[in-house]
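Peer 1: The following block contains the structure, expressed as structure tokens.
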Amino acid sequence: MTRATQGLGAEHRRSVNVDELTRAGYAERLRRVYMDLLRLEVGPSFQFAPNPVVLRRHEVLGPDGPIYVYLRRGQRRIDPATDGEFCLTAADTGQQFPANAAPTGTAHPVAQAVLDARTVVVKPWWLYADYRAAAPADRVAPDWARRFPGFTLVPGLHTEPDGKTATTEVRVCREEAQTAETGAVYASGRAGAKKGDPPPSGRLTQPPGDSAFARASRGRAVSCLSGTGFQNSVECGCGTGLERCEPGAGFANEPPAFVLPTHTPLGEDAPFESSPQPAAAWQRLWWSEEAKHFLDRIFLEDAGRLRRIAAPAEIRGLAAAGSRLWVVPRSGVALLDGRALVLTAVQTAAADHLFGLASGDLVLAARGGALRLAIVSDELPRDATRGRQS
């Protein structure tokens, strides 16, 4: 709890009365207090940059000047010189590209034949609303603010490396531009590197080896929408218009992508400030908004007026699960059922971690295992949950 919230809580203890609880707007005030108290605002310290969906970019020297080339870190490729790394080698560019750092070396122009062989040009979803069309033409424009509220690209995604030329298409590594829904499991058959062996072809790391799954499942079809497809197939890319991936204007772990609210005490639609943020900030923002939604389910169901719901003990945790809200008192678990909290027979410890599932079930994770709670009756008697150890 912050100092500000502690002071607010003290003010509540001195001045709140039952009549005040029925005033419109009080429920929203209480929701803000609990968001702070339970630390449900997901901040930037929580890094979320899954390689299968983040498109980073490097600036290289093309035949006619600097250009950007987009890539997915960890993308599988047949060539051991580029498998799991950038699709252009040190010999192609004159540079090496360490993860999350500026390139090293002296750039020289990449031959057009190399660019044509290893990269393709795409009109991506973030620049074209009709990116699935045969010839996309509905490019990002000022009227997008009205048509797509809240969608604002960072300036770096609008222009080429000179900072002036408008970006009308992007160059991306060829494997990342693939559109198939499924791909065959790939096993290179390469022998593992011996200790002390330098990486081949000027790489900074050794090429990825074959997993046990790849060796046992060579040729098997896997979904390109899954992490398994990304890790084990050279045929899985970002889809049509790169729709399965999010752009980043740089090579950092979380490169900037969109202009998003950064301070939203009054809600995301009335931010105090907006600034360039990584794509992951969008997920963090809406994870926080989801928590607000479920608190509102408790506090705001009566036209913005607060209705008191008796709790069996001091509440120390909440977990949103689908359309359900699980509440954790001091040593038990309860489920919000309309106008009441229904206490289950399950006991919890202070060290337990709670995870709500989209199905509405709750997972209690503790040392030694996990317990999954699920509804077995729509009538919700006290023992209307079942537990399954996993």
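Peer 1: Residues with amide H under 5 Å of VAL333's amide H, sequence separation 5 or more or different chain, H placed in the peptide plane at 1.01 Å from N; which?
Peer 2: THR344, VAL346
Peer 1: For a quick check of your reading of the filter: which trypsin sites (Lys or Arg not before Pro) in the stretch 90-175 sit in a DSSP loop and have no more than 13 other Cβ atoms within 10 Å?
Peer 2: Answer in residue order: ARG132, LYS164.
Peer 1: Run the simple label-point estimate for ARG330 and ARG174 please: 7 Å along Cα→C-beta, distance reported in nm.
Peer 2: Inter-label distance under the simple model: 6.7 nm.
Peer 1: Can you work out ³J(HN,Hα) from phi for every residue in the stretch 122-135, in order, using Karplus 6.51 cos²θ - 1.76 cosθ + 1.60 and θ = phi - 60°, giving whole Hz and x for Gly and Pro?
Peer 2: My calculation for the stretch 122-135 gives 9, 9, x, 5, 6, 10, 9, 5, 9, 4, 7, 5, 4, 9 Hz in order.
Peer 1: Amide H neighbours of THR152 under 5 Å, counting only residues 5+ apart in sequence or on other chains, H built in-plane at 1.01 Å?
Peer 2: Under 5 Å from the amide H of THR152 lie the amide H atoms of VAL259, each far enough along the sequence or on another chain.
Peer 1: For the modelled label position 7 Å from the Cα of THR165 along Cα-to-Cβ, which residues of the stretch 83-105 have backbone nitrogen atoms closer than 12 Å?
Peer 2: none
Peer 1: Which residues does a label at TRP287 reach in the stretch 30-44, if reach means a backbone N under 18 Å from a point 7 Å past the Cα toward the Cβ?
Peer 2: 35-44
Peer 1: Taking just the alpha-carbon atoms of the stretch 44-140, what radius of gyration and Dmax come out, in angstrom?
Peer 2: Both quantities, over Cα of the stretch 44-140: 15.2, 43 Å.
Peer 1: Using just the alpha carbons, could you tell me how many Å³ per residue the convex hull of the stretch 212-254 encloses?
Peer 2: 99 Å³
Peer 1: List, in order, the whole-Hz ³J(HN,Hα) value for each residue of the stretch 33-44 obtained from phi through the Karplus relation with A = 6.51, B = -1.76, C = 1.60 and θ = phi - 60°; use x for Gly and Pro.
Peer 2: Once rounded to whole Hz, the list reads 4, 5, 4, 6, 4, 8, 6, 8, 6, 7, x, x.
Peer 1: Whole-Hz Karplus ³J(HN,Hα) for the stretch 290-295, in order, using 6.51 cos²θ - 1.76 cosθ + 1.60 and θ = phi - 60°, x for Gly and Pro?
Peer 2: Result, ordered by residue: 5, 4, 4, 4, 6, 5 Hz.
Peer 1: If you place +1 on the Cβ of every Lys and Arg, -1 on the Cβ of every Asp and Glu, and leave all else neutral, what size is the dipole of the stretch 92-158 about its Cα centre, to the nearest 20 Debye?
Peer 2: Dipole about the Cα centre, nearest 20: 200 debye.
Peer 1: Determine, from the Cβ-Cβ distance of ILE309 and SER45 and an R0 of 25 Å, the FRET efficiency 1/(1 + (r/R0)^6), rounded to the nearest 0.05.
Peer 2: Details: r = 32 Å, r/R0 = 1.30.
For R0 = 25 Å, the calculated efficiency reads 0.15.
Peer 1: On to the next question. Evaluate the Kirkwood expression for the hydrodynamic radius of the stretch 103-237, namely the inverse of the mean inverse distance over all pairs of different C-alpha atoms, and round to one decimal in Å. Don't jump to the answer; show the numbers that get you there.
Peer 2: Values: mean 1/r = 0.0541 Å⁻¹.
After inverting the pairwise mean of 1/r, the radius is 18.5 Å.
Here, each number is a calculation from the coordinates, and none is a lab measurement. Note that this is a predicted model, so its numbers are computed, not measured. Methodologically, a virtual Cβ is constructed for each residue, glycine included, from the backbone with ideal geometry; neighbour enumeration extends over all protein chains shown.
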